[in-house]
Amino acid sequence: MASGRSITLALEIDWLSRLFSVDMGIDLGTCNTLVCVRGEGIVLNEPSVVAVRKGTNIVLNNG
């Protein structure tokens, strides 16, 4: 009979292996950044924008 700890460990290992085995694609477009996951479709669609201070090239914000 398996102990509660060994079952918990097995579930954690299963979760971790699924975390790193997802097929996904990332599109770093000029207007939007898209992330697509196999079986789920597009899971992220966000603007690709960076605000830079003129003259200093310091990044003010991104999103």
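The values are calculated or read from the model by the stated rules, or taken from the named source; none is laboratory data. These numbers were taken from a predicted model, which means no experiment stands behind them. Neighbour counts run over all protein chains shown; Cβ positions are idealised from the backbone, glycine included.
Points to keep in mind about this one:
- Filtered residues of the stretch 32-63 (kept if assigned to a loop (DSSP other than H, G, I, E, B) and modelled with pLDDT under 85): Ser48, Val49, Gly63
- The single condition among (1) at pLDDT 85 or above; (2) surrounded by 10 or more Cβ atoms within 10 Å (Cβ to Cβ) that Thr8 does not meet is (1).
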